Every structure is written in structure tokens, then in C-alpha cells.
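Since the structure comes first, as C-alpha cells, the remarks are kept for the end.
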2 protein chains.
Amino acid sequence: MTPDRDPARLESSAPIFAALGDATRLKLVARLCQSGPQSIARLTRGTPLTRQGITKHLRVLADAGLVRGRRLGRESRWELEPQQLIVAHRYLDLISKRWDAALRRLQELVEEGSA
Amino acid sequence: MTPDRDPARLESSAPIFAALGDATRLKLVARLCQSGPQSIARLTRGTPLTRQGITKHLRVLADAGLVRGRRLGRESRWELEPQQLIVAHRYLDLISKRWDAALRRLQELVEEGSA
DNA sequence: TTAATATGCAACCATTGGGTTGCGTATGGT
DNA sequence: ACCATACGCAACCCAATGGTTGCATATTAA
């Protein structure tokens, strides 16, 4: 375990952030979050994009492990996959904490220097 | 405030995620985090990239507000900017919580349906 | 059976992105 | 004064991305 000590593990968060780094995909995530699993056609409604555009974005999210889709009859239902979100979340948590620590160290140095 | 209620605010997180969505930039953030403010030349050492490459990545991070640089003598010192990290962190927090809520609702529906 | 719905696949296009090289310039050290 | 260091700017290149259209296919409904 101890994923917060493994730099390689940390770098693997990049694809997750990359997948979230697009306004359209963020909206998709939000919609899947708020309204639960949906078909592509339904996800397309309300966006200025083509169904194919949405499909591509869903694939990107799926490749990052943020989302999963399976065929149900003639439609394919897509839903959120929480684990990867948690990975990203933990990464930011770690960075924030490290940054806090660095800030404190810096602060101490400054105070020492001016004392 | 209540940034967690403002969809427009939420979408504005996309550039932050996009900036973090690259392995090289994640490493830069980690290095700035661990070893504090550094010059471009120093940040370049240890990477297979050119100084210009690093400079470009720093600009991307800066445009996302994650990092800030200022000229000190003949070198330019770059350091982390924590607030944007917190924004991203809060976004993931929100999504996670919404997702939890959706999961619970779904769970209830399933249980009702099979009861 | 026929029509409408929901999707997948492939080609294509324009733009962005990651990365380099070359060159010019300011700063620091000797 | 001179040289090395640290940097910025601009041009350039190739690959990836965001987005479209056209067409083929499976499924549901009438």
C-alpha cells in the first residue's frame, strides 16, 4: 500500500487529471454524478456537440478509468467509476499537505533570518 | 461564497486539471513542493528535457495559476501557488461526495425494486 | 416488415501541445 | 574587460486532440 510514498504511483495520476482537464468532460462527469447512469444519446442532449463527440470524450474518461459503459439493449449505459476519482483526490491531498509543510519550513527560515 | 453550488465555477477547474494532466508537470509540482522555490536551470537538471521545454511547462502551470515565477538577478525563481490546488482539491471533494450520494440513492432504488 | 432509435467505425480536418534548435540579451564572477 | 551562466523569444516539427461527417449495424416499436 502506502501509495503516498511511491513517486511512480503518483505520476500515474497524470492521465486522470488530463481526462478531467476538459470542460466538456467535466460536465459529463458532473451529469453522471447528478443524474446517475445514462445513455450516450441522453448525455448528448443539452450539449452543442455531436453524439460522436460525446462518445469520444466518454472513451477518454473510460481510458482514465473514471467511467465505465456497458451495452444494454440498443443503448450503452455509462456510469462513474469512483476509485480513480479517489486516486486523484488523494494526490491533491498529498500535494497540499507537502506544500503546507514546505510553507511552514520556509516560514521558519524567514523568521530565523529576521530574528 | 458557496463555490460548491456554482456550476460555472466548477467548470473553471478544467484548466487546472489540464495543467496537472502531464507527467512532466506533475513532477515539476512535486519538486517545487519538496525542495521549495527553484530556478529554471535547477528544475531542468535531472530531466531529459531542454530548459526551453521546462520553461514551457512552467508557463502552462503559471497560466493555470498553480505556480508563480519572478526574476531574481539572472535567474527566475518559481514557486507553488497553493490556492488553485485547493480549488481542484475541493472540486474532487465535491464530486466524490455527490457520487456517494448518487450511489446511496441508486442502492435504495435497487433494494426497493427487489423487495 | 418497415421505420425509427441508438450506436459503432473510419476518414478527415484544423488546432493545440510537447519538444527542439538557434539566437539574442542580461547578470554574475574573475 | 571577458567569459560563463541563466534566461527569453521565435521558428519550426511532429503527434495528439477535439470535432465533424458519412455510412453500416443492431435493437425496439408499429
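The values are calculated or read from the model by the stated rules, or taken from the named source; none is laboratory data. This structure is a prediction, so every number in the text was calculated from the model and none was measured. We place every Cβ from the backbone using ideal geometry, glycine too, and count neighbours over all the protein chains shown. For accessibility, only protein heavy atoms count, side chains too; no ligands or nucleic acids. Shrake-Rupley method; radii C 1.70, N 1.55, O 1.52, S 1.80 Å.
Side notes on the structure shown:
- Filtered by the rule that a residue be touching a Ser or Thr at 6+ places or on another chain (Cβ under 8 Å) and either modelled with pLDDT under 95 or under 17 Å from A:LEU72 (Cα atoms) (or both), region A:39-59 gives A:SER39, A:ILE40.
- Enumeration of residues in region A:33-48 that are assigned to a loop (DSSP other than H, G, I, E, B) and either small (Gly, Ala, Ser) or more than 11 Å from DNA strand C (Cβ to nearest atom) (or both): A:GLY36, A:GLY46, A:THR47, A:PRO48
- Any hit, region B:63-72, residues being open to solvent by 30 Å² or more (accessible area, probe 1.4 Å) and at pLDDT below 95: no
- The number of residues in region A:17-51 that are at the interface with another protein chain (Cβ under 10 Å from one of its Cβ atoms) and open to solvent by 70 Å² or more (accessible area, probe 1.4 Å) comes to 2.
- Residue pairs whose Cβ atoms lie under 7 Å apart, sitting 6 or more positions apart in sequence or on different chains, and linking a residue in region A:52-63 that is closer than 17 Å to A:GLU81 by Cα and more than 14 Å from every other protein chain (Cβ to nearest Cβ) to a partner that is open to solvent by 90 Å² or more (accessible area, probe 1.4 Å) and more than 9 Å from DNA strand C (Cβ to nearest atom), are A:ALA62/A:ARG68.
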